[in-house]
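Novice: Below is the structure I would like to discuss, written out as structure tokens.
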2 protein chains.
Amino acid sequence: MAYHTLKQRILEGTYGPGYRIVIDRVAKELGVSAIPIREAIRRLEAEGLVEVERFSGAKVTRIDAKMYEDILSALAVLEGYATAQAYRNLTDEDFDALRQTNEAMRQARSDFDLTLYSRLNQQFHEIILRCCSNRYLVDEIHAFRERMDAMRVSVFNLIPHRASDSIAEHDKLIQLMAVDVGEDAVERFARQHRLATLEAFRRWNEQHTRLVAERKEGYRAPREIHRPGADP
Amino acid sequence: MAYHTLKQRILEGTYGPGYRIVIDRVAKELGVSAIPIREAIRRLEAEGLVEVERFSGAKVTRIDAKMYEDILSALAVLEGYATAQAYRNLTDEDFDALRQTNEAMRQARSDFDLTLYSRLNQQFHEIILRCCSNRYLVDEIHAFRERMDAMRVSVFNLIPHRASDSIAEHDKLIQLMAVDVGEDAVERFARQHRLATLEAFRRWNEQHTRLVAERKEGYRAPREIHRPGADP
DNA sequence: CATGACGTTATCGTATACGATTTCCTATGC
DNA sequence: GCATAGGAAATCGTATACGATAACGTCATG
């Protein structure tokens with residue numbers, strides 16, 4: 001299906017920011033007409049992943065550092081609240097899973113296995129989020145995270161992970177939830193945990209001075225030369 | 001344009017929850033082919049306003065009381081945070097505008113002019129929101145509010161407005177911001193202001209016992225009878 | 001070399017046509 | 001009256017065709 005293919009390519013960075021998706025070319029490549037491609041692009045547009053300009057087609061949305069920070073801080077707020085709503089629903093098994101996941105993260109950091117580390121980090125937060133009964137909130141958080149992950153792959157892939165701090169903070173969060181210090185304190189800590197990533201990003205961004213979003217300009221599809229008599 | 005027409009009809013309640021949008025009929029009515037209608041529906045799908053089932057077309061999303069509450073509480077969290085981020089950017093003119101708007105709301109309540117009251121209430125919060133520099137957050141809040149408003153029109157239009165409390169709370173919020181009691185206090189108050197609406201809704205919903213979302217079933221487009229030889 | 005004009009080509013947006021699928025209506029049986 | 005089956009009609013999903021528009025390449029000029 002066209003939608004899933006296009007979305008995946010955007011999320012994994014094959015189509016970088018600013019890249020112009022040529023509808024006819026994708027249609028030909030996937031063996032369908034332009035209509036389902038156009039429908040897919042309308043969905044992606046509504047999700048904010050592409051921008052559609054009339055008669056010019058769809059470009060992958062370009063993200064600057066400001067927007068990255070804006071999304072990250074909005075995400076911090078929602079995650080903080082969701083964690084506070086969720087933690088009293090955590091079972092003993094959940095707490096065990098959290099501790100094991102964080103321990104595995106510690107090991108992944110020692111092994112310098114970034115891919116595993118990231119996956120475990122997601123898993124850690126997912127254990128908590130799955131206990132939040134506000135499904136709308138959870139869906140929004142997932143959508144925000146998806147956007148963040150896509151940006152990270154294509155643009156901000158050199159941001160330091162601050163792994164040591166994260167793992168220690170997970171330990172602290174587990175403790176706060178286990179002793180039930182109250183929703184306010186849990187919310188504040190969980191929010192700050194995410195906001196610390198924002199602070200790390202800001203410091204990194206200032207050091208690098210240039211506008212990171214300008215780097216790795218989206219790849220423009222090559223233009224096929226048509227000559228009368230030439231093979232298609 | 002098809003998208004705007006369809007969206008407006010959903011937002012103003014012409015198409016209620018569960019209503020099946022018949023693509024060919026709308027296309028004929030608007031004087032276009034089915035293709036732009038389908039594209040519009042894909043956008044609305046991604047926005048959560050309709051649900052698309054393969055070969056059965058699009059139905060306006062049905063909302064139950066739980067989802068209404070979920071959205072409302074997520075909105076409360078975001079609005080609280082946005083207000084805390086915005087208030088130090090408010091000018092003297094902004095504060096004057098807030099006081100005037102709240103005074104006009106007081107008058108509208110005395111006149112029992114619900115439409116004006118609601119418009120002024122939106123205006124009040126918009127004055128604050130426009131001073132929030134996190135544009136992503138503001139866009140999300142607008143999207144949430146849009147969903148809430150659509151639900152209110154079509155399903156929950158008898159919810160009490162708790163006007164007296166709201167106006168008093170606006171006065172208090174203005175005061176808290178003016179004396180700069182700190183972001184935490186402002187955030188907490190602004191969040192609670194919205195959550196009070198949630199509590200009012202819950203009380204009202206329990207009193208009414210029945211599942212409000214079942215009421216006012218979406219209107220199904222009438223079926224046109226085709227007979228050979230009949231005029232189109 | 002840079003810029004602007006102009007023509008060609010690629011691409012976009014959507015109408016029409018048509019096969020696939022679901023919905024709806026009618027007939028029949030209990 | 002109600003349930004079920006079957007066929008007709010409505011509707012959906014998308015390929016193809018084609019006019020509208022932007023992108024691109026080439027050429028002329030300063």
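The values are calculated or read from the model by the stated rules, or taken from the named source; none is laboratory data. Given the structure is predicted, the values throughout are model-derived calculations rather than measurements. Virtual Cβ from ideal backbone geometry, glycine too; neighbours counted across all protein chains shown. SASA here: full protein model, heavy atoms, side chains in, ligands and nucleic acids out. Shrake-Rupley method; radii C 1.70, N 1.55, O 1.52, S 1.80 Å.
Novice: Taking each label point as 7 Å beyond Cα in the direction of the beta carbon, state the distances from A:Gly182 to the same residue in the other copies, shortest first, in nm.
Specialist: Spacings between copies for this position, smallest first, are 1.3 nm.
Novice: Pairwise over distinct Cα atoms, reciprocal of the mean inverse distance: report the Kirkwood radius of the stretch A:2-62 in Å, one decimal place.
Specialist: 11.2 Å
Novice: What total accessible area, in Å², is buried where chains B and A meet, using a 1.4 Å probe and rounding to the nearest 100?
Specialist: 2600 Å²
Novice: Given a 1.4 Å probe and every protein chain left where it sits, what share in percent of the accessible area of the protein assembly as shown is carbon and sulfur?
Specialist: With neighbouring chains kept in place, the figure for the protein assembly as shown is 49 percent.
Novice: Can you tell me the accessible area per residue over the stretch B:65-212, all protein chains present, probe 1.4 angstrom, in square angstrom? Walk me through the numbers before you get to the answer.
Specialist: Details: 7010 Å² over 148 residues.
Per residue, the stretch B:65-212 has 47 Å² of solvent-accessible surface.
Novice: Select from A:Gln100, A:Gln207, A:Gln122 the residue whose mean-square fluctuation is largest in a Gaussian network model of chain A (Cα-Cα springs shorter than 10 Å).
Specialist: Comparing A:Gln100, A:Gln207, A:Gln122 in the GNM, the peak value goes to A:Gln207.
Novice: Anything in chain A that counts as a DSSP H helix reaching 15 Å or more along its axis (C-alpha) with Kyte-Doolittle mean of at least 1.0? List them, would you?
Specialist: None clear 15 Å together with a mean of 1.0.
Novice: Can I ask one more? If you count, for every residue in B:73-81, the Cβ atoms of partner chains within 10 Å of its Cβ, what is the mean? Mind showing how you got there, number by number?
Specialist: Details: counts 5, 11, 1, 1, 11, 5, 0, 2, 8.
So the per-residue partner count for this stretch is 5.
Novice: Another one. In terms of modelled amide H atoms, which long-range or inter-chain residues lie less than 5 Å from the amide H of A:Val50?
Specialist: A:Glu45, A:Thr61
Novice: Also, quick follow-up: Ignoring everything except DSSP H segments at least 4 long, calculate the 222 nm mean residue ellipticity for the protein assembly as shown; use -39,500 (n - 2.57) per segment, divide by total residues, nearest 500.
Specialist: Theoretical 222 nm ellipticity from helices: -21500 deg cm²/dmol.
Novice: Given the pairs A:Lys28/B:Lys7; B:Lys7/B:Lys59; A:Lys172/B:Lys66; A:Lys7/A:Lys28; B:Lys66/B:Lys172, which are separated by over 24 angstrom at their Cα positions?
Specialist: Pairs exceeding the cut-off: A:Lys28/B:Lys7; A:Lys172/B:Lys66; B:Lys66/B:Lys172.
Novice: Same structure, new question: Which of the GluC sites (Glu not before Pro) found in the stretch B:1-108 are in a DSSP loop and have at most 13 neighbouring Cβ atoms, other than their own, within 10 Å?
Specialist: B:Glu12
Novice: Further, regarding this structure: Which semi-axes, in whole Å and largest first, does the equivalent ellipsoid of the protein assembly as shown have when worked out from the alpha carbon gyration tensor as the square roots of 5 times its eigenvalues?
Specialist: 37, 35, 23
Novice: What longest range of chain A stays clear of loop-exposed chymotrypsin sites (Phe, Trp or Tyr not before Pro) (DSSP non-H/G/I/E/B, at most 11 other C-beta within 10 angstrom)? Kindly include the intermediate steps, with their values, before the conclusion.
Specialist: Values: sites that count: A:Phe55, A:Phe112.
Value returned for the longest uninterrupted segment is A:113-232.
Novice: Considering every Cα-Cα pair within the stretch A:65-210, what fraction, in whole percent, is farther apart than 23 Å?
Specialist: Distances greater than 23 Å cover 33 percent of the Cα pairs.
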